[in-house]
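Please read the structure below before turning to the comments.
The values are calculated or read from the model by the stated rules, or taken from the named source; none is laboratory data. Being a predicted model, the structure only gives us computed values, none of them experimental. Glycine gets a Cβ as well: all are built from the backbone with ideal geometry, and neighbour counts include every protein chain shown.
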Amino acid sequence: MGALHEGHLSLIRRARKIAGKDGAVVVSIFVNPTQFGPNEDFSRYPRPFARDAALCRENDVAMIFNPSPAEMYAEDFSTFVDETALAQRLCGQSRPGHFRGVCTIVTKLFNILAPDAAVFGEKDFQQLAIIRRMVRDLNLPVKIVGAPTVREQDGLALSSRNAYLNSDERAQAAVIRAALLAAANAKKRDPQFLRNLVVHKISSAPLAKIDYVEVFDADRLESATRKTKRLHIAVAVFFGKTRLIDNIAIK
């Protein structure tokens with residue numbers, strides 16, 4: 001959605017390696033209105049297109065696809081793509097309709113641009129899982145590649161929304177990564193213990209307001225049990241009006 005940072009540039013560089021010397025890298029920049037809720041930040045979401053374009057040129061991007069909302073959505077637009085299993089929990093529960101908007105716009109972008117491969121960041125673990133499921137279920141001819149989360153020195157995951165944080169919020173936001181690492185390094189793998197540990201750590205930051213902390217099965221995105229083999233933890237935390245997400249695998 002633009003406001004490119006080092007996390008986005010890492011996706012571009014990954015795509016550049018996949019494309020090889022004979023392939024082209026295309027970046028879509030589109031602040032998608034259908035994935036924002038009625039009280040979310042669509043109107044104020046940063047749109048520094050000239051800066052984004054310069055960064056793309058510096059990173060060997062062949063083309064930027066930057067349509068207007070009117071070009072992507074007719075006035076009487078009425079067709080949506082809706083994944084109905086993985087999208088019900090986590091951010092899907094906190095942001096009803098969000099993933100319907102994501103799936104719809106990604107499908108439209110795939111149809112228009114017809115990429116061989118598309119690179120998505122692992123910071124939004126649920127989004128990546130949903131897009132992979134959508135591509136599988138709809139037999140879309142594109143390879144989905146996940147790329148590791150890029151972080152600030154204190155561990156905060158890079159996000160365009162980090163710019164909304166004031167100095168106090170930014171200083172305390174590092175607690176998210178610290179809490180996840182504490183869970184990953186814990187000797188106990190009991191899901192409830194891990195959740196309580198993360199909640200306790202994040203709650204130590206006075207400005208943090210937890211949206212959710214979930215310990216779940218990484219394959220099905222269902223609540224974890226003691227028998228779950230691939231544990232994953234995802235969190236969403238508000239600092240002021242800014243909602244930040246992050247996640248970690250529990251080995």
Original post:
Of the residues 183, 205, 224, which is among the hydrophobic types (A, V, I, L, M, F, W, C), surrounded by 15 or more Cβ atoms within 10 Å (Cβ to Cβ) and either within 21 Å of residue 85 (Cα to Cα) or assigned by TED's automatic domain parsing to the domain that holds residue 92 (or both)?
Top reply: 224
Subject >> helices (runs of 4 or more DSSP H) wholly inside segment 1-103 that include at least 2 residues being at pLDDT below 95 and small (Gly, Ala, Ser) >> reply: none
Original post:
Counting only residues that are among the polar types (S, T, N, Q) and not in a helix (DSSP H, G or I), which one in segment 165-199 is nearest to residue 216 (Cα to Cα)?
Top reply: 185
Original post:
Mind checking whether some residue in segment 83-96 is among the aliphatic types (A, V, I, L, M) and in contact with a strand residue (DSSP E or B) (Cβ under 9 Å, 6 or more places away or on another chain)?
Top reply: yes
Original post:
Pairs, please: C-beta under 6 Å, at least 6 apart or cross-chain, first residue farther than 15 Å from residue 175 by Cα and in segment 193-213, second at pLDDT 95 or above?
Top reply: 194/183; 194/215
Original post:
Assuming residue 50 fulfils every condition listed in (1) surrounded by fewer than 18 Cβ atoms within 10 Å (Cβ to Cβ); (2) within 20 Å of residue 113 (Cα to Cα); (3) of a type in the set (A, V, I, L, M, F, W, C) apart from one, which condition is it?
Top reply: (2)
Subject >> Residue in segment 14-49 that is nearest to residue 68 (Cα to Cα), counting only those that are touching a residue at least 24 places away in the same chain (Cβ under 8 Å) and of a type in the set (S, T, N, Q) >> reply: 32
Original post:
Among the residues of segment 12-33 satisfying the criterion of being surrounded by fewer than 17 Cβ atoms within 10 Å (Cβ to Cβ) and not β-branched (Val, Ile, Thr), which is farthest from residue 150 (Cα to Cα)?
Top reply: 22
**OP:** Considering every residue within segment 137-154, establish whether at least one is aliphatic (A, V, I, L, M), touching a residue at least 24 places away in the same chain (Cβ under 8 Å), part of a strand (DSSP E or B) and touching a Gly at 6+ places or on another chain (Cβ under 6 Å).
**Re:** yes
Subject >> Residue list for segment 207-231, restricted to those being over 20 Å from residue 95 (Cα atoms) and in a strand (DSSP E or B) >> reply: 217, 231
